[in-house]
Amino acid sequence: MFGGLSLAALLLLLSWPALALLSLPPLTALVNDHADLLSPEKRQLLEQQLVQLEAEDSSQLLLLTVPSLQGASVEEYALEVVERWQPGQQGLNNGALLLVAVKERKIRIEVGYGLEGVLTDLVAGRIIREIMVPAFRDNRAEQGVVDGMEAMILTVRGEFSRVALPAKEPGGDLFGVMVAALAGISFLGLIFRRRPLLASLATGGYGALLALVTPLIQGGLALAAVAAAAALGGLLMAVGALRFSVGRKPGGRRQGRPDGPRRSANHSVDRSRLNGEGREEGRAETSRGAGRGGGGGSGGGGASGEW
Amino acid sequence: MYRTPSLSMIILCILLGLGGCGYNELQVREEGVFKAWADIEANLQRRSDLIPNLVATVKGYAAHEQATLEAVVAARSRASSLQLGPEELSSPAAMEALQAAQGGLTAALSRLMVVVERYPQLKASANFLDLQNQLEGTENRINVARQRYNRAVEIFNSGLRRFPANLTNRYLLQLERKEYFQATPQAGPLPQVNFNGA
(Lines give C-alpha, C1' and ligand atoms only; values in the text may rest on other atoms or scores of the structure.)
Protein backbone atom coordinates (compact mmCIF):
# COMPACT_ATOMS: atom_id res chain seq x y z
CA MET A 1 0.00 0.00 0.00
CA PHE A 2 2.65 2.45 1.08
CA GLY A 3 4.99 1.34 -1.66
CA GLY A 4 2.25 1.80 -4.21
CA LEU A 5 1.56 5.29 -3.01
CA SER A 6 5.14 6.38 -3.11
CA LEU A 7 5.52 4.82 -6.55
CA ALA A 8 2.54 6.81 -7.74
CA ALA A 9 4.04 9.94 -6.24
CA LEU A 10 7.32 9.22 -7.96
CA LEU A 11 5.60 8.68 -11.29
CA LEU A 12 3.73 11.94 -10.84
CA LEU A 13 6.99 13.73 -10.13
CA LEU A 14 8.64 12.16 -13.15
CA SER A 15 5.81 13.06 -15.49
CA TRP A 16 5.44 16.57 -14.12
CA PRO A 17 8.35 18.18 -16.00
CA ALA A 18 6.94 16.85 -19.24
CA LEU A 19 3.69 18.70 -18.59
CA ALA A 20 5.15 21.98 -17.42
CA LEU A 21 8.59 22.17 -18.94
CA LEU A 22 9.01 25.86 -18.58
CA SER A 23 8.18 28.15 -15.76
CA LEU A 24 6.90 31.19 -17.56
CA PRO A 25 6.77 34.60 -15.97
CA PRO A 26 3.21 35.68 -15.22
CA LEU A 27 1.29 37.57 -17.88
CA THR A 28 0.62 41.00 -16.46
CA ALA A 29 0.30 43.30 -19.43
CA LEU A 30 0.87 43.39 -23.17
CA VAL A 31 4.44 44.49 -22.55
CA ASN A 32 6.24 41.95 -20.37
CA ASP A 33 9.77 43.21 -20.01
CA HIS A 34 11.29 40.71 -17.64
CA ALA A 35 14.81 41.31 -18.92
CA ASP A 36 14.57 45.04 -18.19
CA LEU A 37 15.47 46.19 -21.67
CA LEU A 38 13.07 49.12 -21.65
CA SER A 39 12.99 52.27 -19.60
CA PRO A 40 9.71 52.82 -17.69
CA GLU A 41 8.67 55.59 -20.08
CA LYS A 42 9.21 53.51 -23.19
CA ARG A 43 7.49 50.59 -21.57
CA GLN A 44 4.42 52.67 -20.85
CA LEU A 45 4.43 54.19 -24.32
CA LEU A 46 4.64 50.79 -25.97
CA GLU A 47 1.91 49.40 -23.75
CA GLN A 48 -0.32 52.31 -24.78
CA GLN A 49 0.33 51.68 -28.45
CA LEU A 50 -0.49 48.01 -28.11
CA VAL A 51 -3.64 48.67 -26.08
CA GLN A 52 -4.75 51.13 -28.72
CA LEU A 53 -4.08 48.64 -31.48
CA GLU A 54 -6.22 46.07 -29.73
CA ALA A 55 -8.98 48.61 -29.09
CA GLU A 56 -9.11 49.62 -32.74
CA ASP A 57 -8.24 46.45 -34.60
CA SER A 58 -8.74 43.66 -32.06
CA SER A 59 -5.35 42.31 -33.09
CA GLN A 60 -3.18 41.69 -30.08
CA LEU A 61 0.59 41.92 -30.02
CA LEU A 62 2.55 40.81 -26.99
CA LEU A 63 6.10 41.54 -26.02
CA LEU A 64 8.09 39.26 -23.77
CA THR A 65 11.72 39.76 -22.90
CA VAL A 66 13.36 37.13 -20.72
CA PRO A 67 16.84 36.83 -19.26
CA SER A 68 17.12 33.21 -20.42
CA LEU A 69 15.23 30.48 -22.27
CA GLN A 70 15.89 27.85 -19.57
CA GLY A 71 17.51 25.51 -22.04
CA ALA A 72 14.63 25.44 -24.51
CA SER A 73 15.05 26.49 -28.12
CA VAL A 74 13.62 29.87 -28.95
CA GLU A 75 10.97 28.24 -31.14
CA GLU A 76 9.82 25.86 -28.39
CA TYR A 77 9.74 28.63 -25.86
CA ALA A 78 7.75 30.98 -28.06
CA LEU A 79 5.20 28.30 -28.90
CA GLU A 80 4.77 27.45 -25.24
CA VAL A 81 4.21 31.11 -24.40
CA VAL A 82 1.67 31.54 -27.17
CA GLU A 83 -0.21 28.40 -26.18
CA ARG A 84 -0.46 29.52 -22.58
CA TRP A 85 -1.03 33.23 -23.03
CA GLN A 86 -3.35 32.93 -26.00
CA PRO A 87 -2.80 36.26 -27.71
CA GLY A 88 -5.46 37.41 -30.15
CA GLN A 89 -9.21 37.09 -30.03
CA GLN A 90 -10.94 33.79 -29.67
CA GLY A 91 -11.84 32.37 -33.05
CA LEU A 92 -9.63 34.85 -34.91
CA ASN A 93 -6.24 33.92 -33.45
CA ASN A 94 -5.04 37.35 -34.48
CA GLY A 95 -2.20 37.58 -32.01
CA ALA A 96 1.55 37.64 -32.28
CA LEU A 97 4.41 37.52 -29.84
CA LEU A 98 7.78 39.20 -29.95
CA LEU A 99 10.18 37.26 -27.78
CA VAL A 100 13.67 38.44 -26.88
CA ALA A 101 16.02 36.19 -24.91
CA VAL A 102 19.02 38.09 -23.64
CA LYS A 103 21.38 35.31 -22.60
CA GLU A 104 20.91 33.32 -25.81
CA ARG A 105 20.86 36.50 -27.90
CA LYS A 106 17.81 35.22 -29.73
CA ILE A 107 14.77 36.96 -31.11
CA ARG A 108 11.58 35.33 -32.30
CA ILE A 109 8.34 36.59 -33.73
CA GLU A 110 5.63 33.98 -33.28
CA VAL A 111 2.58 34.61 -35.40
CA GLY A 112 -0.95 33.31 -34.80
CA TYR A 113 -2.98 31.82 -37.65
CA GLY A 114 -5.06 34.97 -38.05
CA LEU A 115 -2.09 37.22 -38.74
CA GLU A 116 -0.11 34.84 -40.95
CA GLY A 117 -1.55 36.54 -44.02
CA VAL A 118 0.11 39.92 -43.30
CA LEU A 119 2.86 39.09 -40.86
CA THR A 120 4.33 36.33 -43.01
CA ASP A 121 7.51 34.46 -42.17
CA LEU A 122 9.23 36.68 -44.72
CA VAL A 123 8.02 39.95 -43.19
CA ALA A 124 8.74 38.72 -39.66
CA GLY A 125 12.22 37.68 -40.78
CA ARG A 126 12.87 41.10 -42.28
CA ILE A 127 11.71 42.90 -39.16
CA ILE A 128 14.14 40.86 -37.10
CA ARG A 129 17.00 40.95 -39.57
CA GLU A 130 16.83 44.50 -40.85
CA ILE A 131 15.34 46.43 -37.95
CA MET A 132 16.06 44.64 -34.71
CA VAL A 133 19.35 42.78 -35.11
CA PRO A 134 21.40 45.85 -36.22
CA ALA A 135 20.17 47.81 -33.19
CA PHE A 136 20.89 44.92 -30.83
CA ARG A 137 24.38 44.56 -32.27
CA ASP A 138 24.90 48.26 -31.60
CA ASN A 139 23.93 47.74 -27.96
CA ARG A 140 20.74 49.70 -28.51
CA ALA A 141 18.44 46.92 -27.35
CA GLU A 142 15.71 49.30 -26.23
CA GLN A 143 15.56 50.97 -29.62
CA GLY A 144 15.61 47.58 -31.30
CA VAL A 145 12.61 46.34 -29.32
CA VAL A 146 10.63 49.55 -29.80
CA ASP A 147 11.35 49.73 -33.54
CA GLY A 148 10.61 46.04 -34.03
CA MET A 149 7.34 46.32 -32.17
CA GLU A 150 6.38 49.40 -34.15
CA ALA A 151 7.12 47.63 -37.41
CA MET A 152 4.89 44.78 -36.29
CA ILE A 153 2.09 47.20 -35.39
CA LEU A 154 2.35 48.90 -38.78
CA THR A 155 2.28 45.57 -40.56
CA VAL A 156 -0.68 44.24 -38.65
CA ARG A 157 -2.80 47.38 -38.60
CA GLY A 158 -5.87 47.25 -40.78
CA GLU A 159 -6.01 43.47 -41.09
CA PHE A 160 -8.81 43.12 -38.57
CA SER A 161 -11.32 45.53 -37.16
CA ARG A 162 -13.36 45.48 -33.98
CA VAL A 163 -16.54 45.23 -36.03
CA ALA A 164 -15.52 41.95 -37.55
CA LEU A 165 -15.32 40.23 -34.18
CA PRO A 166 -17.37 37.07 -34.22
CA ALA A 167 -20.07 36.61 -31.59
CA LYS A 168 -18.50 35.35 -28.41
CA GLU A 169 -20.94 32.50 -27.96
CA PRO A 170 -21.64 30.21 -30.92
CA GLY A 171 -25.27 29.29 -31.50
CA GLY A 172 -24.58 25.63 -30.82
CA ASP A 173 -24.56 26.31 -27.13
CA LEU A 174 -28.26 27.08 -27.13
CA PHE A 175 -28.97 23.43 -27.73
CA GLY A 176 -26.84 22.40 -24.77
CA VAL A 177 -28.65 24.87 -22.54
CA MET A 178 -32.05 23.59 -23.67
CA VAL A 179 -31.02 20.02 -22.97
CA ALA A 180 -29.66 20.98 -19.55
CA ALA A 181 -32.87 22.89 -18.77
CA LEU A 182 -35.10 20.03 -19.86
CA ALA A 183 -33.10 17.45 -17.96
CA GLY A 184 -32.92 19.55 -14.81
CA ILE A 185 -36.60 20.39 -14.81
CA SER A 186 -37.61 16.78 -15.36
CA PHE A 187 -35.25 15.61 -12.65
CA LEU A 188 -36.34 18.15 -10.05
CA GLY A 189 -39.97 17.62 -10.95
CA LEU A 190 -39.61 13.89 -10.37
CA ILE A 191 -37.81 14.29 -7.07
CA PHE A 192 -40.37 16.69 -5.66
CA ARG A 193 -43.34 15.07 -7.34
CA ARG A 194 -45.19 14.83 -4.07
CA ARG A 195 -44.74 18.51 -3.31
CA PRO A 196 -45.60 20.32 -6.55
CA LEU A 197 -45.10 23.77 -5.06
CA LEU A 198 -41.64 22.92 -3.86
CA ALA A 199 -40.90 21.44 -7.28
CA SER A 200 -41.97 24.63 -8.97
CA LEU A 201 -39.81 26.65 -6.59
CA ALA A 202 -36.78 24.44 -7.16
CA THR A 203 -37.06 24.41 -10.93
CA GLY A 204 -37.68 28.16 -10.96
CA GLY A 205 -34.44 28.62 -9.03
CA TYR A 206 -32.69 26.21 -11.34
CA GLY A 207 -33.92 28.11 -14.37
CA ALA A 208 -32.74 31.40 -12.94
CA LEU A 209 -29.34 29.89 -12.17
CA LEU A 210 -29.07 28.50 -15.67
CA ALA A 211 -30.01 31.86 -17.14
CA LEU A 212 -27.41 33.56 -14.98
CA VAL A 213 -24.53 31.41 -16.17
CA THR A 214 -25.62 31.50 -19.80
CA PRO A 215 -24.38 34.56 -21.67
CA LEU A 216 -27.14 34.03 -24.22
CA ILE A 217 -29.77 35.23 -21.81
CA GLN A 218 -29.24 38.79 -20.73
CA GLY A 219 -31.32 41.35 -18.85
CA GLY A 220 -33.49 41.04 -15.75
CA LEU A 221 -36.73 40.60 -17.65
CA ALA A 222 -35.46 37.71 -19.73
CA LEU A 223 -34.07 36.12 -16.60
CA ALA A 224 -37.40 36.39 -14.81
CA ALA A 225 -39.19 34.99 -17.83
CA VAL A 226 -36.87 32.00 -17.98
CA ALA A 227 -37.25 31.39 -14.24
CA ALA A 228 -41.03 31.60 -14.48
CA ALA A 229 -41.12 29.23 -17.43
CA ALA A 230 -38.89 26.79 -15.57
CA ALA A 231 -41.10 27.04 -12.47
CA LEU A 232 -44.20 26.32 -14.53
CA GLY A 233 -42.44 23.43 -16.21
CA GLY A 234 -41.42 22.03 -12.85
CA LEU A 235 -44.95 22.31 -11.50
CA LEU A 236 -46.41 20.52 -14.51
CA MET A 237 -43.72 17.88 -14.37
CA ALA A 238 -44.29 17.24 -10.68
CA VAL A 239 -48.06 17.07 -11.01
CA GLY A 240 -47.76 14.82 -14.03
CA ALA A 241 -45.29 12.52 -12.34
CA LEU A 242 -47.36 12.31 -9.18
CA ARG A 243 -50.51 11.43 -11.06
CA PHE A 244 -48.65 8.92 -13.13
CA SER A 245 -47.02 7.15 -10.21
CA VAL A 246 -50.23 7.18 -8.16
CA GLY A 247 -52.35 6.01 -11.07
CA ARG A 248 -50.09 3.13 -12.14
CA LYS A 249 -47.86 1.39 -9.71
CA PRO A 250 -45.05 -0.08 -11.77
CA GLY A 251 -44.46 3.14 -13.69
CA GLY A 252 -40.72 2.76 -14.07
CA ARG A 253 -40.68 3.59 -17.74
CA ARG A 254 -41.92 7.07 -17.39
CA GLN A 255 -39.23 7.88 -14.91
CA GLY A 256 -36.55 6.47 -17.11
CA ARG A 257 -37.18 9.08 -19.74
CA PRO A 258 -35.25 12.03 -18.43
CA ASP A 259 -32.15 9.90 -18.53
CA GLY A 260 -32.04 10.22 -22.29
CA PRO A 261 -31.39 13.94 -22.50
CA ARG A 262 -29.10 13.81 -19.51
CA ARG A 263 -26.91 11.31 -21.18
CA SER A 264 -26.59 13.33 -24.34
CA ALA A 265 -25.82 16.44 -22.32
CA ASN A 266 -22.98 14.54 -20.70
CA HIS A 267 -21.82 13.49 -24.07
CA SER A 268 -21.65 16.84 -25.72
CA VAL A 269 -19.49 18.04 -22.87
CA ASP A 270 -17.14 15.11 -23.38
CA ARG A 271 -16.76 15.78 -27.06
CA SER A 272 -15.95 19.41 -26.74
CA ARG A 273 -13.40 18.57 -24.11
CA LEU A 274 -11.74 16.17 -26.52
CA ASN A 275 -11.51 18.83 -29.15
CA GLY A 276 -9.95 21.12 -26.65
CA GLU A 277 -12.70 23.68 -27.26
CA GLY A 278 -14.34 23.43 -23.92
CA ARG A 279 -11.08 23.78 -22.09
CA GLU A 280 -10.02 26.80 -24.04
CA GLU A 281 -13.35 28.50 -23.72
CA GLY A 282 -13.33 27.94 -20.02
CA ARG A 283 -9.85 29.29 -19.64
CA ALA A 284 -10.52 32.30 -21.75
CA GLU A 285 -13.61 33.12 -19.73
CA THR A 286 -12.06 32.80 -16.31
CA SER A 287 -8.82 34.57 -16.99
CA ARG A 288 -9.82 37.30 -19.37
CA GLY A 289 -7.68 39.86 -17.65
CA ALA A 290 -4.59 41.55 -18.93
CA GLY A 291 -3.73 40.55 -22.42
CA ARG A 292 -5.18 37.08 -22.58
CA GLY A 293 -7.60 37.19 -25.46
CA GLY A 294 -8.40 33.51 -25.90
CA GLY A 295 -6.73 33.24 -29.30
CA GLY A 296 -3.31 31.66 -29.38
CA GLY A 297 -3.81 29.28 -32.28
CA SER A 298 -0.42 29.06 -33.93
CA GLY A 299 1.21 26.50 -36.14
CA GLY A 300 4.73 27.75 -35.61
CA GLY A 301 4.54 30.59 -38.11
CA GLY A 302 6.97 33.47 -37.79
CA ALA A 303 10.70 33.87 -37.84
CA SER A 304 13.70 33.64 -35.54
CA GLY A 305 16.91 35.59 -35.47
CA GLU A 306 20.11 36.03 -33.56
CA TRP A 307 22.27 39.02 -32.77
CA MET B 1 -44.04 3.24 -5.29
CA TYR B 2 -40.61 3.30 -3.72
CA ARG B 3 -39.31 0.74 -6.20
CA THR B 4 -39.67 3.03 -9.15
CA PRO B 5 -36.82 5.48 -8.42
CA SER B 6 -34.33 2.65 -8.06
CA LEU B 7 -35.51 1.22 -11.37
CA SER B 8 -34.99 4.57 -13.04
CA MET B 9 -31.55 4.72 -11.45
CA ILE B 10 -30.68 1.36 -12.98
CA ILE B 11 -31.78 2.56 -16.38
CA LEU B 12 -29.76 5.72 -15.89
CA CYS B 13 -26.68 3.68 -15.07
CA ILE B 14 -27.09 1.49 -18.13
CA LEU B 15 -27.52 4.49 -20.40
CA LEU B 16 -24.52 6.23 -18.90
CA GLY B 17 -22.54 3.04 -19.33
CA LEU B 18 -23.43 2.90 -23.00
CA GLY B 19 -22.36 6.50 -23.39
CA GLY B 20 -18.96 5.61 -21.99
CA CYS B 21 -18.26 2.71 -24.31
CA GLY B 22 -15.92 4.89 -26.32
CA TYR B 23 -17.72 4.70 -29.65
CA ASN B 24 -17.91 8.44 -30.16
CA GLU B 25 -14.63 9.10 -28.44
CA LEU B 26 -12.71 6.86 -30.82
CA GLN B 27 -14.22 8.49 -33.86
CA VAL B 28 -13.55 11.98 -32.61
CA ARG B 29 -9.97 11.04 -31.84
CA GLU B 30 -9.44 9.47 -35.23
CA GLU B 31 -10.77 12.62 -36.83
CA GLY B 32 -8.23 14.53 -34.74
CA VAL B 33 -5.46 12.36 -36.19
CA PHE B 34 -6.65 13.01 -39.75
CA LYS B 35 -6.82 16.72 -39.14
CA ALA B 36 -3.31 16.81 -37.68
CA TRP B 37 -2.04 14.81 -40.65
CA ALA B 38 -3.60 17.23 -43.12
CA ASP B 39 -1.66 19.96 -41.37
CA ILE B 40 1.61 18.08 -41.85
CA GLU B 41 0.88 17.53 -45.52
CA ALA B 42 0.05 21.18 -46.05
CA ASN B 43 3.36 22.20 -44.51
CA LEU B 44 5.35 19.63 -46.48
CA GLN B 45 3.71 21.00 -49.59
CA ARG B 46 4.63 24.50 -48.51
CA ARG B 47 8.25 23.47 -48.25
CA SER B 48 8.13 21.81 -51.63
CA ASP B 49 6.69 25.00 -53.16
CA LEU B 50 9.60 27.06 -51.89
CA ILE B 51 12.26 24.93 -53.53
CA PRO B 52 12.07 26.02 -57.20
CA ASN B 53 12.60 29.62 -56.14
CA LEU B 54 15.46 28.66 -53.86
CA VAL B 55 17.16 26.62 -56.55
CA ALA B 56 16.82 29.43 -59.09
CA THR B 57 18.31 31.95 -56.66
CA VAL B 58 21.25 29.75 -55.74
CA LYS B 59 21.87 28.96 -59.39
CA GLY B 60 22.27 32.66 -60.14
CA TYR B 61 25.25 32.88 -57.80
CA ALA B 62 26.65 29.39 -57.71
CA ALA B 63 26.24 27.86 -61.12
CA HIS B 64 29.07 25.41 -60.38
CA GLU B 65 27.07 23.55 -57.79
CA GLN B 66 25.04 21.75 -60.41
CA ALA B 67 25.23 18.38 -58.66
CA THR B 68 23.97 19.67 -55.33
CA LEU B 69 21.16 21.58 -56.98
CA GLU B 70 20.09 18.61 -59.06
CA ALA B 71 20.07 16.45 -55.96
CA VAL B 72 17.63 18.87 -54.33
CA VAL B 73 15.38 18.93 -57.37
CA ALA B 74 15.39 15.14 -57.62
CA ALA B 75 14.67 14.73 -53.91
CA ARG B 76 11.84 17.22 -54.18
CA SER B 77 10.13 15.41 -57.01
CA ARG B 78 10.54 12.11 -55.17
CA ALA B 79 9.05 13.59 -52.01
CA SER B 80 6.11 15.29 -53.67
CA SER B 81 5.17 12.19 -55.65
CA LEU B 82 4.45 10.46 -52.36
CA GLN B 83 1.36 11.32 -50.38
CA LEU B 84 -0.56 9.36 -47.81
CA GLY B 85 -4.33 9.11 -47.75
CA PRO B 86 -6.15 8.77 -44.43
CA GLU B 87 -6.31 4.99 -44.60
CA GLU B 88 -2.56 4.71 -45.25
CA LEU B 89 -1.76 6.30 -41.91
CA SER B 90 -2.13 2.84 -40.44
CA SER B 91 0.44 1.32 -42.77
CA PRO B 92 3.99 1.22 -41.37
CA ALA B 93 5.46 0.65 -44.85
CA ALA B 94 3.72 3.64 -46.39
CA MET B 95 4.69 5.87 -43.49
CA GLU B 96 8.28 4.70 -43.69
CA ALA B 97 8.46 5.41 -47.41
CA LEU B 98 7.12 8.88 -46.87
CA GLN B 99 9.54 9.56 -44.06
CA ALA B 100 12.43 8.37 -46.20
CA ALA B 101 11.41 10.60 -49.11
CA GLN B 102 10.91 13.67 -46.95
CA GLY B 103 14.09 12.91 -45.01
CA GLY B 104 15.96 12.71 -48.32
CA LEU B 105 14.70 16.17 -49.19
CA THR B 106 15.72 17.51 -45.80
CA ALA B 107 19.21 16.07 -46.23
CA ALA B 108 19.58 17.44 -49.77
CA LEU B 109 18.48 20.86 -48.56
CA SER B 110 20.91 20.91 -45.66
CA ARG B 111 23.71 19.91 -48.05
CA LEU B 112 22.73 22.84 -50.24
CA MET B 113 22.83 25.17 -47.25
CA VAL B 114 26.36 24.01 -46.47
CA VAL B 115 27.43 24.66 -50.05
CA VAL B 116 25.93 28.13 -49.88
CA GLU B 117 28.40 29.01 -47.11
CA ARG B 118 31.06 29.24 -49.80
CA TYR B 119 29.29 32.06 -51.62
CA PRO B 120 29.36 35.20 -49.47
CA GLN B 121 27.62 37.25 -52.14
CA LEU B 122 24.74 34.79 -52.31
CA LYS B 123 24.50 34.62 -48.57
CA ALA B 124 24.28 38.38 -48.32
CA SER B 125 21.65 38.82 -51.02
CA ALA B 126 18.28 39.94 -49.73
CA ASN B 127 16.48 37.49 -51.97
CA PHE B 128 18.35 34.55 -50.53
CA LEU B 129 17.92 35.75 -46.95
CA ASP B 130 14.18 36.01 -47.49
CA LEU B 131 14.04 32.52 -48.93
CA GLN B 132 16.13 31.17 -46.08
CA ASN B 133 13.71 32.78 -43.63
CA GLN B 134 10.76 31.19 -45.31
CA LEU B 135 12.46 27.83 -45.46
CA GLU B 136 13.34 27.95 -41.76
CA GLY B 137 9.82 29.07 -40.94
CA THR B 138 8.41 26.16 -42.90
CA GLU B 139 10.72 23.65 -41.24
CA ASN B 140 9.52 24.97 -37.90
CA ARG B 141 5.89 24.62 -38.95
CA ILE B 142 6.54 21.05 -40.07
CA ASN B 143 8.10 20.39 -36.70
CA VAL B 144 5.14 21.82 -34.81
CA ALA B 145 2.66 19.95 -37.01
CA ARG B 146 4.63 16.74 -36.50
CA GLN B 147 4.56 17.05 -32.73
CA ARG B 148 0.83 17.76 -32.75
CA TYR B 149 0.17 14.83 -35.06
CA ASN B 150 2.18 12.49 -32.86
CA ARG B 151 0.27 13.68 -29.83
CA ALA B 152 -3.02 13.03 -31.62
CA VAL B 153 -1.80 9.56 -32.63
CA GLU B 154 -0.75 8.80 -29.08
CA ILE B 155 -4.15 9.75 -27.75
CA PHE B 156 -5.91 7.73 -30.43
CA ASN B 157 -3.71 4.64 -30.10
CA SER B 158 -3.88 4.51 -26.34
CA GLY B 159 -7.63 5.05 -26.57
CA LEU B 160 -7.87 1.99 -28.81
CA ARG B 161 -6.30 -0.19 -26.13
CA ARG B 162 -8.21 1.07 -23.12
CA PHE B 163 -10.87 -1.18 -21.70
CA PRO B 164 -14.38 -0.45 -22.86
CA ALA B 165 -13.20 1.14 -26.08
CA ASN B 166 -11.12 -1.83 -27.15
CA LEU B 167 -14.22 -4.03 -27.18
CA THR B 168 -16.24 -1.41 -29.00
CA ASN B 169 -13.52 -1.17 -31.59
CA ARG B 170 -13.14 -4.95 -31.90
CA TYR B 171 -16.81 -5.57 -32.54
CA LEU B 172 -18.14 -2.34 -33.97
CA LEU B 173 -15.68 0.16 -35.38
CA GLN B 174 -12.60 -1.84 -36.32
CA LEU B 175 -10.28 1.13 -36.57
CA GLU B 176 -6.57 0.50 -36.89
CA ARG B 177 -3.82 2.09 -34.87
CA LYS B 178 -1.97 4.91 -36.59
CA GLU B 179 1.73 5.29 -37.26
CA TYR B 180 3.85 8.03 -35.75
CA PHE B 181 5.65 10.52 -37.94
CA GLN B 182 9.25 10.43 -36.72
CA ALA B 183 11.69 13.27 -36.90
CA THR B 184 14.24 12.68 -39.62
CA PRO B 185 17.47 11.57 -37.95
CA GLN B 186 19.67 13.17 -40.62
CA ALA B 187 18.90 10.74 -43.41
CA GLY B 188 21.86 9.97 -45.61
CA PRO B 189 25.50 10.89 -44.97
CA LEU B 190 26.22 14.12 -43.13
CA PRO B 191 27.06 17.00 -45.43
CA GLN B 192 30.80 17.49 -45.79
CA VAL B 193 32.37 20.88 -46.21
CA ASN B 194 34.96 20.82 -48.95
CA PHE B 195 37.59 23.41 -48.08
CA ASN B 196 40.01 22.95 -50.95
CA GLY B 197 37.43 22.82 -53.71
CA ALA B 198 35.73 25.71 -55.55
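The values are calculated or read from the model by the stated rules, or taken from the named source; none is laboratory data. Keep in mind the model is a prediction, meaning the values are calculated, not measured. Virtual Cβ from ideal backbone geometry, glycine too; neighbours counted across all protein chains shown. SASA here: full protein model, heavy atoms, side chains in, ligands and nucleic acids out. Shrake-Rupley method; radii C 1.70, N 1.55, O 1.52, S 1.80 Å.
For the range A:22-165, evaluate the Debye formula with one uniform point scatterer on each Cα (no solvent term) and list log10 I(q)/I(0) at q = 0.19, 0.20 Å⁻¹, rounded to two decimals.
Relative scattering, expressed as log10 I(q)/I(0), comes to -1.14, -1.28.
Once ligands and nucleic acids are excluded and a 1.4 Å probe is used, how much of residue B:146 is accessible, expressed in Å² to the nearest 10?
40
Only residues of the range B:58-88 count here: report those whose backbone N is under 17 Å from the spot 7 Å along Cα→Cβ of residue B:121, or say none.
B:58-66
Among A:295-306, B:88-99, A:185-196, how do they line up by average Cβ neighbours within 10 Å per residue, starting with the highest?
Values: A:295-306: 23.9, B:88-99: 15.9, A:185-196: 20.7.
So the order, starting with the most tightly packed, is A:295-306, A:185-196, B:88-99.
Normalised by the residues of the range B:24-173, what does the relative contact order come to in percent, with Cα pairs under 8 Å and at least six apart?
Result for the range B:24-173 is 39 percent.
Solvent-accessible area of residue B:113, probe 1.4 Å, all protein chains present, reported in Å² to the nearest ten, please.
Accessible surface of residue B:113 is approximately 40 Å².
Limiting things to C-alpha atoms, what are the Rg and the maximum Cα-Cα separation (Dmax) for the range A:125-164, in angstroms?
12.5, 42
Please work out the ratio of the alpha-carbon Rg of the range B:109-163 to 2.2 N^0.38 Å and round it to two decimals.
So the Cα radius of gyration is 1.85 times the expected 2.2 N^0.38 Å.
Considering only the other residues whose Cβ falls under 11 Å of the Cβ of residue A:120, what net charge follows from Lys and Arg at +1 and Asp and Glu at -1? Provide the component values of the computation, followed by the final result.
Numbers: positive: A:126; negative: A:116, A:121, B:130.
Net charge around residue A:120: -2.
Could you work out the mean count of beta carbons from other protein chains within 10 Å of each residue's beta carbon in B:125-134? Each step should come with its number before you reach the end.
Working: counts 0, 3, 0, 0, 5, 7, 2, 3, 13, 5.
Per residue, the average neighbour count from other chains is 4.
Can you check what the net charge comes to around residue B:117, using other residues whose Cβ is under 12 Å from the Cβ of residue B:117 (Lys, Arg +1; Asp, Glu -1)?
Details: positive: B:111, B:118, B:123; negative: B:65.
Its environment carries a net charge of +2.
Using only alpha carbon pairs under 8 Å that are at least six residues apart, calculate the relative contact order of the range A:22-165 and give it in whole percent. It would help to have the intermediate numbers written out before the result.
On the way: 217 pairs, mean separation 34.8, N = 144.
So the answer I get is 24 percent.
Taking every Cα atom in the range B:49-128, find the radius of gyration and the maximum pairwise distance Dmax, and write them in Å.
Values for the range B:49-128 (Cα only, Rg and Dmax): 15.1, 47 Å.
Using a 1.4 angstrom probe with every protein chain in place, what is the largest-first accessible-area order of A:237, A:132?
Working: A:237 50, A:132 0 Å².
If we order A:237, A:132 from most to least accessible, we get A:237, A:132.
Can you pull the one-decimal nm distance between simple spin-label points at residue A:28 and residue A:138, each 7 Å off the Cα toward Cβ?
3.0
Taking the Cβ-Cβ separation of residue B:183 and residue A:244 as r and a Förster radius of 56 Å, what is the calculated FRET efficiency to the nearest 0.05?
Values: r = 64 Å, r/R0 = 1.14.
According to the calculation, E is roughly 0.30.
Would you mind calculating the gained length between residue B:24 and residue B:96 on full extension (0.36 nm times residue separation, minus the Cα-Cα distance), in nm to one decimal? It would help to have the intermediate numbers written out before the result.
Values: separation 72, 0.36 × 72 = 25.92 nm, distance 2.97 nm.
So the extension gain works out to 22.9 nm.
For the range B:24-173, compute the orientation-averaged projected area of the C-alpha convex hull (one quarter of its surface), in nm². Don't jump to the answer; show the numbers that get you there.
Details: hull surface 37.5 nm².
Its Cα hull, projected and averaged over all orientations, spans 9.4 nm².
Counting Lys and Arg as +1 and Asp and Glu as -1, what is the net charge of the other residues whose Cβ lies under 13 Å from the Cβ of residue A:74? Mind showing how you got there, number by number?
Numbers: positive: A:103, A:105, A:106, A:108; negative: A:75, A:76, A:80, A:104, A:110, A:306, B:136.
Local net charge: -3.
Arrange the residues A:106, B:59 by how much accessible surface each exposes, largest first, with a 1.4 angstrom probe. Could the numbers behind the result be given before it?
Details: A:106 65, B:59 95 Å².
Ranking A:106, B:59 by accessible area, largest first, yields B:59, A:106.
What value does the range A:72-148 have for Rg/Rh, both radii from Cα atoms and Rh as Kirkwood defines it? It would help to have the intermediate numbers written out before the result.
Values: Rg = 12.7 Å, Rh = 13.0 Å.
Here Rg/Rh amounts to 0.98.
How much accessible area does residue B:118 have with a 1.4 Å probe, in Å² rounded to the nearest 10?
80
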